[in-house]
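Trainee: First the structure, which I've put down as structure tokens, then a few questions once you've had a look.
Bear in mind that the values in this text are calculations on the coordinates, not laboratory data. Computed from a prediction, not measured in an experiment: that's the story for all the values here. Glycine gets a Cβ as well: all are built from the backbone with ideal geometry, and neighbour counts include every protein chain shown.
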Amino acid sequence: MTRRAVITGIGTVTGLGRGATTVHDAQCAGRSAVVRPPADHPVHGVVEFAAPAAPMRARDVMRPPIEPCLDRFLLLALAAAADAMRDAGLEAGVDADPERIGCVVSTGGGGLETYEEHAVRRRERGRSAISPFLAPGILTNMAAARIALKYGLRGPSTSITTACAAGAQSVAEGLRLLREGAADVVVCGGVDTPLHPTVAATFFNAKVTAHGFDDPAAASRPFDRDRNGFVLAEGAAVLVLERPEHADARGAAGWADVVGWASSTDAFHVTAPRPDGSGAAACLRRALADAGIAPGDVGHLNAHGTGTKVGDLAEARAVRAVFGGAGPAVSATKSVLGHTLGAGGAIEAAVTAVTLARGLLPPTRNLTSVDPECELDHVVGAPRPAAPDFAVSTSFAFGGHNLGLVLAPASTRRRR
């Protein structure tokens, strides 16, 4: 049984738009999704900057009859899944046995906005104001459940809640299911829609959101000396993973392979990482070991890189501890996209796959003056042509969850 999984389909929904290559294109061009929330946006006056995705209607992504109370996170997940399935050219029952297609799509928060709306209703109008459709419209497992329902995916299905590592951990779980022979195909990814007042307010009050910049596009500054917090964003990414031999049998093209993963836990603080980065470093070493490679084999790293003082510093220390002085070339997607929380790791895995397929490393935006304590081989200014044999994507989360994914160029006969 192969230890690799090939990515044959990618769908992303972010403030930069939709599509497999949208985020990579924007990052290479230096285009940012970050704006000041307009007056009619729910987080206007709550946070200074945000990166909202476009409006989404239920009828655009669901078949009738359409239930009420569907939270926005479900709509974004379904939209990303539609694009990923189309990109993969995959139809359950035609291209793969439905019993052998798994679904692992996760979120950090689920339908918090819809829950809050109903909580207000109950306080104001009583029990009868609560819709019987509320639970299936907000539960964290429902992104995976509704994608499986829409496409008739009857293999293993689950949702993993590890905050900002959830999307990456879903990709790792997809690889694990394929390695174990539990599935031939796994539809996996992450979604989060945190741009509503209560969630935005908690991050603002924790003093971790970016502030004080004249240009919104300059607010997200991973590893920069002048960084002062992250930009809250919403988005989704869904990836179709297959056993390479299954993809070859149906003539599917691969973006990249997922070849290794690992996780660790800091067990240090409920929100802060270990300052020395040792928990993250342990995760990276395990991921490389799982892939069967050495640190020197890695040519590119898509960093978690949120733009917080402590987070970026701990990550830089972890990268230096594992890879040494030179280390791989480093890019940070959140510099143009903001922080999509539980979706971030899946989006960044997708961007890393496109990076490998194109042989073009995207630059980190706003990295005009590198923090001396965050010195790495940062890609800045312009994309860097390269053809790395392996790339790593990192995700770190509240609670001390660390997740590392190792990717390689696609092993399928057809490549993107």
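Trainee: Write down the radius of gyration of region 325-416 and its Dmax, each obtained from C-alpha positions, in Å.
Mentor: 13.8, 44
Trainee: Let's see if you can work this out: charge +1 on each Lys and Arg Cβ, -1 on each Asp and Glu Cβ, no other charges. What is the dipole magnitude of region 244-379 about its Cα centre, in debye to the nearest 20?
Mentor: Details: 10 positive and 14 negative charges, 40 e Å.
The calculated dipole for region 244-379 is roughly 200 debye.
Trainee: Given the DSSP H assignment, sum -39500 (n - 2.57) over each helix run of at least 4 residues in the chain and divide by its residue total; what's the result at 222 nm in deg cm²/dmol, nearest 500?
Mentor: On the way: 13 runs with 135 residues, N = 416.
Value at 222 nm, helices only: -9500 deg cm²/dmol.
Trainee: Oh, and also: Compute, for region 5-415, the length of the dipole vector about the Cα centre, with Cβ point charges of +1 (Lys, Arg) and -1 (Asp, Glu) only. Units Debye, rounded to 20. Intermediate values should be presented prior to the final figure.
Mentor: Working: 38 positive and 41 negative charges, 111 e Å.
The dipole magnitude comes to about 540 debye.
Trainee: Kindly provide the trypsin sites (Lys or Arg not before Pro) of region 48-138 that DSSP labels as loop, not H, G, I, E or B, and whose Cβ sees at most 10 other Cβ atoms within 10 Å.
Mentor: Values: sites: 57, 59, 72, 86, 100, 121, 122, 123, 125, 127; in loops: 57.
In loop regions of region 48-138 (DSSP not H, G, I, E or B), the sparsely surrounded trypsin sites (Lys or Arg not before Pro) are 57.
Trainee: From the C-alpha gyration tensor of region 1-88, pull out the three semi-axes of the equivalent ellipsoid (sqrt of 5λ each), sorted largest to smallest, in whole Å.
Mentor: On the way: eigenvalues 142, 93, 22 Å².
After scaling each eigenvalue by five and taking roots: 27, 22, 11 Å.
Trainee: Using the Kirkwood radius built from alpha carbon pairs, what does the Stokes-Einstein equation give as D for region 86-226 at 4 °C and 1.567 mPa s, in µm² per second?
Mentor: Details: Rh = 17.7 Å.
Rounded to a whole number, D works out at 73 µm²/s.
Trainee: Something else: Report, to one decimal in Å, the Kirkwood hydrodynamic radius for the chain based on all distinct Cα pairs.
Mentor: Numbers: mean 1/r = 0.0480 Å⁻¹.
Over the chain, the inverse of the mean reciprocal pair distance is 20.9 Å.
Trainee: Give me a comma-separated list of calculated 3J(HN,Hα) values for region 328-337, in order, Karplus coefficients 6.51, -1.76, 1.60 applied at θ = phi - 60°, integers in Hz, x for any Gly or Pro.
Mentor: My calculation for region 328-337 gives x, 5, 10, 10, 10, 5, 5, 5, 10, 9 Hz in order.
Trainee: Here's another thing I want to ask about it. Taking amide H atoms as placed 1.01 Å from N in the peptide plane, list the residues 5 or more away in sequence, or in a different chain, whose amide H sits under 5 Å from that of residue 386.
Mentor: Result for residue 386 returns 360, 361.
Trainee: Between Rg and the Kirkwood Rh of region 140-188, both from Cα atoms, what is the Rg to Rh ratio?
Mentor: Details: Rg = 10.6 Å, Rh = 11.2 Å.
Rounded to two decimals, Rg over Rh is 0.95.
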